[in-house]
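See structure below.
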Amino acid sequence: MKIAEHRFLRFILPSKAFAAVEADTRKWQTECPKCQLVRDAWEAGCVLYKAGCNNPATGINSKSLALCPACGEKSMHVIRLKPEHNAWEKKQEIAQQQD
Ligand SMILES: [Zn+2]
């Protein structure tokens with residue numbers, strides 16, 4: 001999704017709902033597989049509302065074809081929960097401490 005669609009959302013949603021969508025989306029980040037650039041999912045133009053991880057073991061929601069502003073390559077960017085929102089990572093830390 002493009003930033004233009006954020007403007008569309010802002011237009012159709014009550015401001016509280018728009019803020020909720022933005023806050024939810026900002027829990028996610030996108031990662032370029034070519035150069036490892038990490039971007040805020042909202043800044044990257046994504047919309048993820050009440051999204052979950054398809055794979056709880058990795059925190060990954062999905063992959064989406066995107067043009068990377070850093071390396072200029074078009075590739076499948078990983079959409080993943082940011083570490084601070086990542087319950088699976090905390091679980092892993094606990095598991096490691098028990099080893
Ligand atoms: Zn890149």
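The values are calculated or read from the model by the stated rules, or taken from the named source; none is laboratory data. These numbers were taken from a predicted model, which means no experiment stands behind them. Note that each Cβ is placed from the backbone with ideal geometry, even for glycine, and that neighbours are counted across all protein chains shown.
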Complete set of residues in region 53-65 that are within 16 Å of the ligand (Cβ to nearest atom) and under 13 Å from the mean Cα position of the chain (by Cα):
Lys63, Ser64
Residue list for region 1-52, restricted to those being of a type in the set (A, V, I, L, M), under 14 Å from Leu81 (Cβ atoms) and within 16 Å of the ligand (Cβ to nearest atom)
Val38, Ala41
Give me the pairs, please: first residue somewhere in region 17-32 and free of Cβ contacts under 8 Å to residues at least 12 places away in the same chain and more than 24 Å from Gly72 (Cα to Cα), second residue anywhere and outside any strand (DSSP E or B) and of a type in the set (D, E, K, R), beta-carbon distance under 6 Å, and either six or more positions apart or on two chains.
Phe18/Arg10
For region 25-63 the number of residues that are of a type in the set (Gly, Ala, Ser) and under 20 Å from Leu9 (Cα atoms) is 4
Among the numbered conditions (1) at pLDDT below 95; (2) among the basic types (Lys, Arg); (3) surrounded by 15 or more Cβ atoms within 10 Å (Cβ to Cβ), tell me where Lys50 comes up short.
(3)
Return the pairs, sorted by first residue and then second, in which the second residue is charged (D, E, K, R) and at pLDDT 90 or above, the first residue lies in region 57-68 and is farther than 17 Å from Pro83 by Cα, the beta carbons are less than 6 Å apart, and the residues are 6+ apart or on different chains.
Leu67/Lys74
